[in-house]
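The values are calculated or read from the model by the stated rules, or taken from the named source; none is laboratory data. Everything quoted here is computed from the prediction, not taken from an experiment. Backbone-built Cβ (ideal geometry, glycine too); neighbour counts: all protein chains shown.
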Amino acid sequence: MTESINELANEYLANRLQLDPILATELGTGDDPAGLPDYSVTGVVAKADLDRSILAKARIIDASDDEVIAKHLMIERLSTQLALHDAGEWMAEINVIASPQHQIKHAIDLMPRATVEDWETIAERLRRVRASLASYQQSLRLGLAQGLVASQRQVLEAARLARRTATPGGPSYFEELTTSYHRQAPGNPMDFGAACQEAASAYLDLATFFEQEYLPHSTSIDGVGGDRWQLYCQLFNGATFDPQESYQWGFEELQRIRREMEIEADKILPGAGIHAVIAHLEHDPSLVINGADAFALWNQQVLDGAVAVLNGVHFDIPAPIQHIEAMLAPAGGAAAMYYTPPSIDLSRPGRTWYPTQGRTEFPLWHELSTVYHEGVPGHHLQIGYATWLGERLNPFQRVLGASSGHVEGWALYAERLMDELGFFEEASYRLGMLSSQAFRAARVVIDIGLHHDYPVPRNVFAGAPEHWTRESAIDFLRNMTGIDGIFATSEIDRYLGWPAQATSYKLGERAWLAIREQVRLREGPRFNLKRFHHQALALGFVGLDQLASAFSVLTTT
């Protein structure tokens with residue numbers, strides 16, 4: 001008989017690891033390191049049954065005082081997962097960033113590669129790719145039969161990415177993997193290339209399935225509508241938001257940031273305007289690094305420097321998470337930089353991954369804030385700290401209960417914090433930080449506008465579209481932030497396939513800033529920024545609805 005929320009969380013984790021070998025890889029544990037999930041009806045229903053069983057137990061447990069937050073987190077996360085399952089969203093899970101075709105590659109990227117045995121395990125997982133992708137197609141076929149389908153745009157882009165992953169000559173993802181094998185395990189007689197070719201063939205078959213069998217039945221409508229958007233809003237934020245209020249606030253926030261951008265741009269080229277200054281910074285030799293390896297080294301130096309400067313002053317960073325690795329992302333993914341957490345035993349470090357998209361020149365003016373966002377004091381500090389806390393947090397608080405609003409909100413707060421601490425004194429880098437903020441504010445209005453088919457307010461911006469379409473959203477994002485067309489297109493396709501996730505950055509940051517201000521006002525002269533950060537990190541994962549209530553009971557001791 002389960003007696004506590006913490007014991008129940010451990011029970012849930014043990015069962016989830018059996019059903020989800022990719023989660024096991026992410027955590028650096030599990031019984032089958034070469035396993036892949038069963039994405040068929042059988043596998044999906046088994047996970048939903050587990051969620052339902054654990055949720056029922058969680059509701060009747062009388063939580064102790066130090067488990068109340070964890071209980072609320074478990075109930076909210078499991079309820080939200082089940083709401084999406086019961087709505088049949090898993091039967092139309094095709095998007096450009098986080099569907100099974102991406103999850104499988106992500107798992108392979110995290111696998112150890114130090115020994116011949118490690119490479120043999122990778123080869124075995126590659127040989128299982130076909131069966132896992134086939135199970136995924138089975139669920140999608142069920143969705144077709146029931147009229148639950150993804151949009152044409154997501155299907156076409158998913159097919160393109162699958163072909164980009166597998167087609168020789170790109171180089172493809174599997175060509176890069178084979179090259180890494182020969183470089184790191186020379187002389188090993190195993191035919192690793194054959195395993196890669198087998199997995200590549202499965203990805204090409206998936207692309208053909210998308211194009212020939214699925215596409216004719218997909219929908220031409222990109223937006224998901226208000227009801228489905230609210231489901232995903234709860235998933236990604238651990239909270240629901242009034243879309244109308246958030247939409248209006250997003251425009252106001254974007255206007256505020258643009259005014260600050262104009263001030264910084266004028267410091268660089270007086271009177272030239274934001275766009276001319278950005279064009280200048282894109283080609284300023286003093287702010288451009290040539291070569292992907294050199295750029296990765298710059299990322300590493302920024303990460304190491306942030307840890308050295310912040311540790312002991314604004315944060316206490318435990319020694320086991322002071323190292324973070326800057327990586328170049330493999331081919332076949334989206335255009336945005338991302339982070340992968342350390343293993344639960346901290347033997348695999350946290351990593352940032354930068355997709356070069358074939359580029360060899362890297363303007364730095366807008367990259368500095370991104371490194372802080374993904375590394376320290378952003379994702380790595382928050383997620384790495386929760387991992388380091390180990391069993392002082394239960395598995396939901398430590399690894400299972402993350403919501404984008406809490407995590408991405410913290411990371412965007414981290415960017416702003418670095419500005420407050422004076423790390424963007426140079427106007428070019430501060431313009432980049434503000435461009436990042438404008439980018440996230442524009443995401444709020446674009447995501448909500450596209451999925452709700454809201455009208456665009458008149459006389460808000462000279463460059464605002466008359467109506468939201470994919471193309472007008474791309475143009476608006478480029479005009480407001482100065483990002484290039486390839487990245488803007490990738491981002492808009494991401495928002496269309498991942499409803500509400502894009503709102504979580506700015507709305508999450510707004511929640512973090514509001515809570516910090518509430519604590520500052522409550523504590524008055526006793527307020528200490530380092531203590532606030534320690535309390536924030538010590539919570540582990542919570543939803544945005546729980547964040548304020550958690551801080552309301554924390555003391556200044």
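Confirm whether Pro33 is assigned by TED's automatic domain parsing to the domain that holds Ala150, in contact with an Asp or Glu (Cβ under 6 Å, 6 or more places away or on another chain) and outside any helix (DSSP H, G or I).
no
Taking Phe396 and the conditions (1) surrounded by fewer than 24 Cβ atoms within 10 Å (Cβ to Cβ); (2) under 17 Å from Gln546 (Cβ atoms), which numbered condition does it fall short on, given that it satisfies the others?
With (1) surrounded by fewer than 24 Cβ atoms within 10 Å (Cβ to Cβ); (2) under 17 Å from Gln546 (Cβ atoms) applied to Phe396, the lone miss is (1).
So which residues in the stretch 474-487 are small (Gly, Ala, Ser) and either at pLDDT 95 or above or surrounded by fewer than 21 Cβ atoms within 10 Å (Cβ to Cβ) (or both)?
Gly485, the sole residue that qualifies.
Give the residues of the stretch 483-515 that are more than 29 Å from Ile94 (Cα to Cα), touching a residue at least 40 places away in the same chain (Cβ under 8 Å) and not aromatic (Phe, Trp, Tyr), sorted by residue number.
Arg510, Ala511, Leu513
Being assigned to a loop (DSSP other than H, G, I, E, B) and either β-branched (Val, Ile, Thr) or under 15 Å from the mean Cα position of the chain (by Cα) (or both) is the filter here, so list the residues in the stretch 325-341 that pass it.
Ala329, Gly333, Ala334, Ala335, Ala336, Met337, Pro341 - these are the residues of the stretch 325-341 that are assigned to a loop (DSSP other than H, G, I, E, B) and either β-branched (Val, Ile, Thr) or under 15 Å from the mean Cα position of the chain (by Cα) (or both).
Take the residues in the stretch 47-82 that are of a type in the set (Asp, Glu), assigned to a helix (DSSP H, G or I) and modelled with pLDDT under 95, then tell me which one is surrounded by the most Cβ atoms within 10 Å (Cβ to Cβ).
Glu67
Identify, from the list Gln152, Gln146, Gln101, Gln137, the residue that is buried (at least 21 other Cβ atoms within 10 Å of the Cβ), modelled with pLDDT of 95 or more and not hydrophobic (A, V, I, L, M, F, W, C).
Sole residue among the options that is buried (at least 21 other Cβ atoms within 10 Å of the Cβ), modelled with pLDDT of 95 or more and not hydrophobic (A, V, I, L, M, F, W, C): Gln101.
Count, please, the residues in the stretch 1-20 that happen to be closer than 20 Å to His72 by Cα, in contact with a Lys or Arg (Cβ under 9 Å, 6 or more places away or on another chain), of a type in the set (Asp, Glu) and part of a loop (DSSP other than H, G, I, E, B).
0
List every residue pair whose Cβ atoms sit under 6 Å apart, with the two residues 6 or more apart in sequence or on different chains, where the first one lies in the stretch 69-95 and is outside the structural domain of Ser403 (by TED's automatic domain parsing) and the second, anywhere, is surrounded by 20 or more Cβ atoms within 10 Å (Cβ to Cβ) and hydroxyl-bearing (Ser, Thr, Tyr).
Listed by first residue and then by second, the contacts come to Met91/Ser139; Glu93/Ser99.
Which count do you get for residues in the stretch 399-429 that are over 30 Å from Gln230 (Cβ atoms) and either among the basic types (Lys, Arg) or in contact with a helix residue (DSSP H, G or I) (Cβ under 7 Å, 6 or more places away or on another chain) (or both)?
Residues that pass the stated criteria total 6.
Is it true that some residue in the stretch 120-136 is among the aromatic types (Phe, Trp, Tyr) and in contact (Cβ under 8 Å) with a residue 60 or more places away in the chain?
Yes, the stretch 120-136 contains at least one residue that is among the aromatic types (Phe, Trp, Tyr) and in contact (Cβ under 8 Å) with a residue 60 or more places away in the chain.
Collect the residues in the stretch 486-500 that are farther than 17 Å from Pro355 by Cβ and not in a helix (DSSP H, G or I), keeping them in residue-number order.
Across the stretch 486-500, the qualifying residues are Pro499, Ala500.
Could you list, in sequence order, all residues of the stretch 405-423 that are farther than 16 Å from His380 by Cβ and in contact with a Phe, Trp or Tyr (Cβ under 7 Å, 6 or more places away or on another chain)?
Gly405
Inspect all residues belonging to the stretch 339-349 and state whether any of them is in contact with a helix residue (DSSP H, G or I) (Cβ under 8 Å, 6 or more places away or on another chain) and surrounded by fewer than 16 Cβ atoms within 10 Å (Cβ to Cβ).
no
Within the stretch 488-510, can you find the residues that are crowded, with 24+ Cβ neighbours inside 10 Å and in contact with a Leu (Cβ under 6 Å, 6 or more places away or on another chain)?
Correct list: Tyr505, Glu509.
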